[in-house]
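All remarks here apply to the structure that follows.
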């Protein structure tokens, strides 16, 4: 039985132009899902994981886990660092505690990334149901 490769990485989250534009189309749109439920990974790290672009990966931290689609980072070499755009999928793996400053820490989060070939990227409704145990009918 072959062992699934795992990488110990540092997770960064932040805004992207695509995330902002697709948010205007609605958080329940396919465009939003396609631009936010993603993880940008260094090309060498994709090879270490034995995967190609658009492969589903599981990102896990001490605060949660979420399946997103992996893409080669367009930002040059940065081994051991992954980037997930702001949104509900990133929120699933960041610490919600704000340490009384009003904003959670969204950068420098220790994480593990591994292939998730048999797991789907959840839609926003499915993700909210999984994370909070209820249906969200409104504007996340």
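The values are calculated or read from the model by the stated rules, or taken from the named source; none is laboratory data. What you see is a predicted model, and the numbers here were worked out from it, not measured in a lab. A quick note on method: Cβ atoms are made from the backbone with ideal geometry, for glycine too, and the neighbour counts reach across all protein chains shown.
Given the criteria at pLDDT 95 or above, touching a helix residue (DSSP H, G or I) at 6+ places or on another chain (Cβ under 8 Å), closer than 18 Å to residue 128 by Cα and not in a helix (DSSP H, G or I), does residue 59 qualify?
no
Output yes when any residue across the range 94-111 is in contact with a helix residue (DSSP H, G or I) (Cβ under 9 Å, 6 or more places away or on another chain), under 18 Å from residue 36 (Cα atoms) and either outside any loop (DSSP other than H, G, I, E, B) or modelled with pLDDT of 90 or more (or both), and no when none is.
no
What is the residue count in the range 2-32 for residues that are at pLDDT below 90 and farther than 15 Å from residue 86 by Cβ? Write out each step before concluding.
Keep residues of the range 2-32 that are at pLDDT below 90, which gives 2-4, 14-32.
From what is left, the residues that are farther than 15 Å from residue 86 by Cβ are 2-4, 25-26, 28-31.
The qualifying residues number 9.
Name the helices (runs of 4 or more DSSP H) wholly inside the range 1-53 in which the number of residues that are under 21 Å from residue 119 (Cβ atoms) and touching a strand residue (DSSP E or B) at 6+ places or on another chain (Cβ under 7 Å) is 3 or more.
Where helices (runs of 4 or more DSSP H) fall fully within the range 1-53 and carry at least 3 residues being under 21 Å from residue 119 (Cβ atoms) and touching a strand residue (DSSP E or B) at 6+ places or on another chain (Cβ under 7 Å), they are 43-49.
Looking at the range 105-129, I want the residues that are touching a residue at least 12 places away in the same chain (Cβ under 8 Å) and at positive phi and have a partner that is crowded, with 20+ Cβ neighbours inside 10 Å and in a helix (DSSP H, G or I) with Cβ atoms under 8 Å, at least 6 apart or on another chain. Which pairs are those?
Going by the 8 Å Cβ cut-off, there are no qualifying pairs.
Surrounded by fewer than 17 Cβ atoms within 10 Å (Cβ to Cβ), out of contact with any strand residue (DSSP E or B) (no Cβ under 6 Å at 6 or more places or on another chain) and modelled with pLDDT of 95 or more, is that true of residue 125?
No.
Identify all residues within the range 128-140 that are over 18 Å from residue 23 (Cβ atoms) and modelled with pLDDT of 70 or more; write none if there are none.
Passing the criteria: 129, 130, 131, 132, 133.
Counting just the residues of the range 68-84 that are without any contact (Cβ under 8 Å) to a residue 60 or more places away in the chain and buried (at least 19 other Cβ atoms within 10 Å of the Cβ), which one comes out farthest from residue 132 (Cα to Cα)?
70
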